[in-house]
Amino acid sequence: MFIRKLLASQQTRHILSDYVFILPQLILYIGLTILPFFVALPILFTDRQSILDSTVNTVGFANFTKIFDDQSVHDTFWPALFRTLRFASLNYIMVFVFGLTLALIMYELGFKGGFFTVIYLPWMISGFALGFMAIMLFAQSTGTVNLLLIKLGIINQAIDIKNSSGTTIILPIFIGWQMAGFNMAIFLSGLLSIPSENIEAAIVDGASYWQRLTRIYFPQMIPSFIMVTIFCLIMSFGIFDPLVALGGTTTNQDAMFLSVVFIKYGFAMNKLALSMTMALETGIPLVIVAILLQRLQKRLQYY
């Protein structure tokens, strides 16, 4: 009886210590995410123009339908959504091109702390600086990458980073390079969780490397795949700083993603309630996708 009470008290202390570590982050999450969300909900049903607007009227669900029946909003929202989805698709490919490839290299050749640090360093670069790096490297007359590609005969004329193809293709590559270390860490954690006995048995049975990847590695890395997918969606729909550097808030229409549209409607055009409503209408499908991905993870979990 005494031992049972002692174990119960030790378990209680462990739980309390866990809550002590979690509490600061929990307070920040509730204070900066949950509470603002519920405070903002009533604004969605008004015509509030700005934070300081004193003449606020109730408009019901009018803000929720404007992306369909208001021509000006329709012509801005849906092209921006298409650009964002196109970027998210290419960015998702870059997650595997950079993150998974580097994780497999580190896993097969041996985990090196210094190598990991070098790959992770781009994650420290701000999005704004990343956008200006892209502009400098692909400047029409002085961009290093443009000059190199022309010198090698790969292209005939300089790539314009601010046109549709430049923003669509080059930006995901830069973002993939920036997030390579972050994604690599997630994939590497999945690889390191695979029991070595399974891999050794596959090698003894004569399995090729591709067979080991598809039948041993990938099935047991499903949690990592789900996690990077969710993070990729969050990052793709929340990207903003590089778009500002590329002129998304001024003259470059091809860099006007949903995040830029929300900011412009909320602060430049003084349509705060409409901007928040569009953000909510975009966020709800993303939440549903995240929930479905988590359910899929439970169903496909490798045992």
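Nothing in this text is a laboratory measurement; each read-out follows from the coordinates by a stated rule. Quick caveat, the model's predicted, so the values are computed rather than measured. Cβ: placed from backbone, ideal geometry, glycine included. Neighbour counts: every protein chain shown.
Which of rounded, prolate or oblate describes the range 1-154 when judged by the alpha-carbon gyration tensor and an a/c cut-off of 1.5?
Note, shape of the range 1-154 comes out oblate.
By per-residue mean of other Cβ atoms within 10 Å, what is the highest-first order of 26-33, 234-241?
Output ranking for 26-33, 234-241: 234-241, 26-33.
Just order 289-296, 85-92 by mean Cβ neighbour count inside 10 Å, highest at the front, would you?
85-92, 289-296
Mind checking the dipole of the range 48-300: about its Cα centre, +1 per Lys or Arg Cβ, -1 per Asp or Glu Cβ, Debye to the nearest 20?
With Lys and Arg at +1 and Asp and Glu at -1, about 80 debye.
With contacts defined as alpha carbon pairs under 8 Å and 6 or more residues apart, what's the relative contact order of the range 123-264 in percent?
Answer for the range 123-264 is 30 percent.
Can you tell me how the range 58-103 classifies by the Cα gyration tensor, rounded, prolate or oblate, using a/c under 1.5 as the rounded cut?
prolate
Given a Förster distance of 45 Å, report the FRET efficiency between Ser164 and Gln11 from their Cβ-Cβ distance, rounded to the nearest 0.05.
0.15
What are the principal axis extents of the Cα atoms in the range 12-53, in Å, biggest first?
51, 16, 7
Counting only C-alpha contacts under 8 Å and six or more residues apart, can you give the relative contact order of the chain as a whole percent?
Here the relative contact order equals 26 percent.
Quick check: from the Cα gyration tensor, does the range 109-197 come out rounded (a/c under 1.5), prolate or oblate?
Prolate shape, in that a/c is at least 1.5 and a/b is the bigger ratio.
Quote the FRET efficiency, to the nearest 0.05, computed for Ala40 versus Ser141 with a Förster distance R0 of 51 Å and r equal to the Cβ-Cβ distance.
Calculated value: 0.65.
Kyte-Doolittle mean at least 0.0 and Cα extent at least 20 Å along the axis: which DSSP H helices of the chain qualify?
Taking the DSSP H segments of the chain (at least 20 Å long, mean hydropathy at least 0.0), we get 2-29, 71-94, 222-238, 272-300.
Test of understanding: ordering Phe21, Phe267 by Cβ neighbours within 10 Å, fewest first, what list do you get?
Phe21, Phe267
If you count, for each residue, the other Cβ atoms within 10 Å and average over each peptide, how do 198-209, 44-55, 182-193 line up from highest to lowest?
182-193, 44-55, 198-209
Can you report the principal axis dimensions of the chain using only the alpha carbons, biggest first, rounded to whole angstrom?
72, 66, 32
Quickly estimate the mean residue ellipticity at 222 nm for the chain, helices only: each DSSP H run with n ≥ 4 gives -39500 (n - 2.57), and the total goes over all residues, rounded to 500.
Computed mean residue ellipticity for the chain: -20000 deg cm²/dmol.
Rounded to whole Å, give me the distance from the Cα center of the range 173-196 to that of the range 71-87.
Using only Cα atoms to place each centre, the spacing works out to 31 Å.
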